[in-house]
1. Can you spot the aspartates and glutamates whose alpha carbon is less than 19 Å from Lys133's alpha carbon? Ignore those fewer than 8 places along the same chain.
2. Report the local net charge at Phe75: Lys and Arg +1, Asp and Glu -1, summed over other residues whose C-beta lies under 13 Å from its C-beta.
3. Counting only helical runs of four or more DSSP H residues, what would the 222 nm mean residue ellipticity of the chain come to if each run contributes -39,500 (n - 2.57) and the total is spread over all its residues?
4. What nm distance separates the two modelled labels at His102 and Ala52, each placed 7 Å from Cα along Cα→Cβ?
5. Report the longest stretch of the chain that contains none of the chymotrypsin sites (Phe, Trp or Tyr not before Pro) sitting in a DSSP loop with at most 16 other Cβ atoms within 10 Å.
6. To the nearest 0.05, how large is the calculated FRET efficiency for Glu126 and Leu25 if R₀ is 35 Å and r is the Cβ-Cβ distance?
7. Which lysines, if any, have their Cα less than 28 Å from the Cα of Lys164, not counting same-chain residues under 8 positions apart?
8. Using the Kyte-Doolittle scale, which helices in the chain average at least -1.0 and also have C-alpha atoms spread 30 Å or more along the helix axis, with helices defined as whole DSSP H runs?
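What follows draws every value from the coordinates through simple rules; no lab data is involved. All of these numbers come straight from a predicted model, not from anything done at the bench. Virtual Cβ from ideal backbone geometry, glycine too; neighbours counted across all protein chains shown.
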Amino acid sequence: MEAGVNNPSRYASKWAFIYIAVAALTTCIVQVLNIDPTSVIKILGYTVPIIAFLILAQLEYRRSLGGYVSFQQAFSLGVRYSVYTGLLFGVLIFVNLSFFSHEIEQSIAVARKTLAAQGFSKEQIEARLEVGKKHGASIGAFSAAIQTTILGIIISAIGALIVKKKVVK
């Protein structure tokens, strides 16, 4: 047997990279088609693949173990997948927000109008928006990484319940 073939990190990282490729493609499509950032289409475009690839990773891992996997083994793989995916997705979001997307500028413009309508002076508005201008990509990336990891861990437990199959004695 090939060394490391049953290492759950191998399957978790493989499927995390596949997810990131799909997420990058989804990001490009969303930007080219100018889809609203809060659109159900955008949300499903990121969520459905993360769930599907997590289950596929768990199923592939189960097959590598001879068709049997415990809840703990499947959950462990799922948590690894979630952490890898969260970190990689955070990097993808950081790069996108820093270099390609105009979401931060659009959010700042909306906030500027809202604060002006509330009667804040230009100096007060600029002071409040300074953090978003300087750290918006970092905040967005960190938030995306944490949310993706938490969602993945929850789905990992559900997926582990679905794919577990114990050896019958």
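1. The reachable aspartates and glutamates, counting only those whose Cα sits under 19 Å from Lys133, are Glu103, Glu105, Glu123.
2. Surrounding charge for Phe75 is +3.
3. -28000 deg cm²/dmol
4. 3.1
5. 1-67
6. 0.45
7. Correct list for Lys164: Lys14.
8. Going by DSSP H runs, the hits are 8-32, 40-64, 71-95, 122-163.
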